[in-house]
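Comments concern the structure below.
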Amino acid sequence: MEQMKSLKKNSFYSFLNAFSTLIFPLITFPYASRILHPEGIGQVNFAVSIESYFSMLAGLGMGGYATREASKIRDNKYELSKFCKEMLAISFISMIISYSLLFGCVFFIPKLYSYRILILVRSMNIFFTTIGIEWLYRAEEDFKYITLRSLFFKISGLAFLFIFVKNQTDTVAYTLFGILTSVASNICNLFHSRKFISYTQKCKLELKKHIKYLFTFFGIGLVTSLYTILDTSMLGFLSNDTQVGFYSAATRINKLVVGVLSATASVLLPRMTYYKEHDEIEKIKALSQKSISIMILLALPMSIGLIFLAKPLIYIFSGELFLDATIAMNIISPIILTIGIATITGSQLLPSLGKEKASLISYSVGAALNITMNTIFIPKMGATGAAIGTLVAELSITIVQLYFARKYLNIKILKTVLQSVICCIPMTSILFMISLFIKKPILNVIISIITSIPVYALFLAIQKNEYYMEIKQLIMLKMKKS
């Protein structure tokens with residue numbers, strides 16, 4: 001077997017890809033929010049939330065299951081080609097069902113009919129995601145290709161946005177911009193995938209054996225969507241476009257930060273699956289232990305920082321019209337920590353061990369709580385009510401997943417939590433003082449970042465946190481080699 005690709009390199013490329021996913025919206029969303037205003041942003045995001053349900057149905061849990069299974073056979077081109085053709089066959093069937101239901105809902109539900117153009121434009125994403133087989137590249141751990149391809153099309157997308165989105169009525173163009181990178185990337189995937197598989201290879205397809213597992217992963221995706229997408233959908237039905245726009249502004253930066261952390265952790269599933277296939281459980285324990293500890297060290301200060309910087313960040317990236325979203329952003333910021341941990345336990349560790357049903361249970365608990373909270377709070381509090389529902393749901397999911405994953409974790413994680421909390425105390429004091437005396441948004445954010453990060457790092461160094469010291473030594477070694 002070829003030597004396995006470096007996990008550090010994969011993490012670097014995945015982080016770079018996620019970082020670009022963070023940076024580009026910081027350019028595009030401030031522009032779009034000032035052009036489209038809360039109502040226009042709300043219209044587009046409501047349409048996106050509706051399309052997401054049908055995209056999820058078409059995906060049928062394919063991403064997680066296919067990544068895991070393809071990781072096991074990636075060294076066997078015949079078996080991998082056969083598996084990919086089976087997944088594509090199932091995907092096309094589910095895609096046809098999904099489109100049929102989408103058209104039925106759009107043309108027979110009055111509320112959706114008024115958004116039909118935006119929803120139908122967005123639905124192009126369903127077809128191109130189906131043919132894109134992104135999971136193959138994660139199974140092959142080809143994160144370099146994923147990153148470079150994505151960067152190219154993101155840059156191209158910027159030009160499209162600035163050319164075609166120029167006034168408040170350009171919601172269709174903004175919707176199209178939202179899927180441009182994905183569509184182009186998936187077309188490239190279809191042709192580039194011939195590097196790993198053969199589409200002309202003759203083989204007998206076995207579809208039935210995958211259905212049971214796909215439906216389990218689909219169940220996870222379904223209940224996950226009930227608390228990740230349903231917030232926006234319920235706001236659209238129970239409130240109005242403006243509240244959807246406020247919620248979009250409140251969650252935008254949080255989602256970007258979560259996206260960076262989650263994408264960095266996404267390299268773990270194929271590696272953990274490989275270890276499980278070779279019965280190397282101790283390596284799984286060590287990797288999950290280290291990953292969760294590093295996630296806590298990163299996510300906890302980020303959550304606290306965003307709570308203090310909510311108002312200036314919303315002003316900078318969305319504009320004065322969105323300042324009513326500040327309280328919602330304050331409430332929802334802690335999900336950076338909860339989702340960061342759950343990404344490792346529920347999306348990487350448990351599925352790699354074949355315990356996806358445990359993940360399903362956790363997401364079901366979160367979905368039930370989220371629907372209940374949304375029903376109670378959204379009619380009265382709008383975007384703030386949706387934020388409360390999301391926070392409760394994410395916290396419950398993380399607690400349940402940690403319970404199921406406890407066998408693969410140890411007491412050292414509590415030490416990491418304690419050290420991170422101690423380091424956050426002086427950092428929080430600094431952020432509080434800055435918020436009192438510096439009122440200019442941009443200056444507030446800049447000074448907060450350049451002072452709080454070094455203080456947090458200093459206290460980690462004082463405590464000689466092992467993960468901080470390891471990263472520091474790695475950086476010093478790289479600088480020495482340079």
message: Strictly greater than 19 Å: what percent of every Cα pair in segment 46-138 meets that?
response: 44
- request: Give the dimensionless ratio obtained when the Cα radius of gyration of the chain is divided by 2.2 N^0.38 Å.
  value: 0.97
- prompt: Around Val44, what is the net charge, scoring Lys/Arg as +1 and Asp/Glu as -1 over all other residues with Cβ under 12 Å from its Cβ?
  reply: -3
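Compute the signed sum of charges (Lys and Arg +1, Asp and Glu -1) over the other residues within less than 12 Å, Cβ to Cβ, of Phe404.
Once positives and negatives cancel, what remains is +3.
Take the cross-link list Lys204/Lys357; Lys111/Lys380; Lys283/Lys412 and give me the ones stretching past 26 Å between alpha-carbons.
Cα-Cα > 26 Å for Lys204/Lys357; rest within.
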task: Between Lys212 and Phe164, with labels modelled 7 Å along Cα→Cβ, what's the label distance in nm to one decimal, could you check?
output: 4.6
statement: The extension gain from Phe153 to Lys439, computed as 0.36 nm times the residue separation minus the Cα-Cα distance, is 99.2 nm
message: What do you get for GluC sites (Glu not before Pro) in segment 311-413 restricted to DSSP loop and a cutoff of at most 13 other Cβ within 10 Å of the site's Cβ?
response: none
query: Based on DSSP H assignment, which helices of the chain show an axial Cα extent of at least 18 Å together with a mean Kyte-Doolittle hydropathy greater than or equal to -1.0?
result: 7-59, 77-108, 143-164, 171-192, 208-228, 241-265, 281-308, 356-381, 383-405, 412-437, 441-462, 466-481
query: Under a straight-distance cross-link criterion of Cα-Cα below 24 Å, which lysines are reachable from Lys166, leaving out those fewer than 8 residues away in the same chain?
result: Lys154
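Over the chain, with every protein chain in place, what whole percent of the accessible area is carbon and sulfur at 1.4 Å, could you tell me?
Carbon and sulfur: 69 percent of the exposed surface of the chain.
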statement: For 129-138, 115-124, 330-339, ranked highest to lowest by mean beta-carbon neighbours within 10 Å, the order is 330-339, 129-138, 115-124
message: Give me the three principal axis extents of segment 349-460 from the C-alpha atoms, as integers in angstrom, largest value leading.
response: 48, 43, 19
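What ranking do 411-419, 181-189, 287-295 get when scored by the average of other Cβ atoms within 10 Å per residue, highest first?
287-295, 181-189, 411-419
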query: Given +1 on the Cβ of Lys and Arg, -1 on the Cβ of Asp and Glu, and no further charges, what dipole in debye does the chain carry about its Cα centre, rounded to the nearest 20?
result: 1100
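The values are calculated or read from the model by the stated rules, or taken from the named source; none is laboratory data. Here the structure is a predicted model, which means the values were calculated and not measured. Positions of Cβ are backbone-derived with ideal geometry, glycine not excepted, and every protein chain shown enters the neighbour counts. Surface areas here come from the heavy atoms of the whole protein model, side chains and all, with no ligands, DNA or RNA. Shrake-Rupley method; radii C 1.70, N 1.55, O 1.52, S 1.80 Å.
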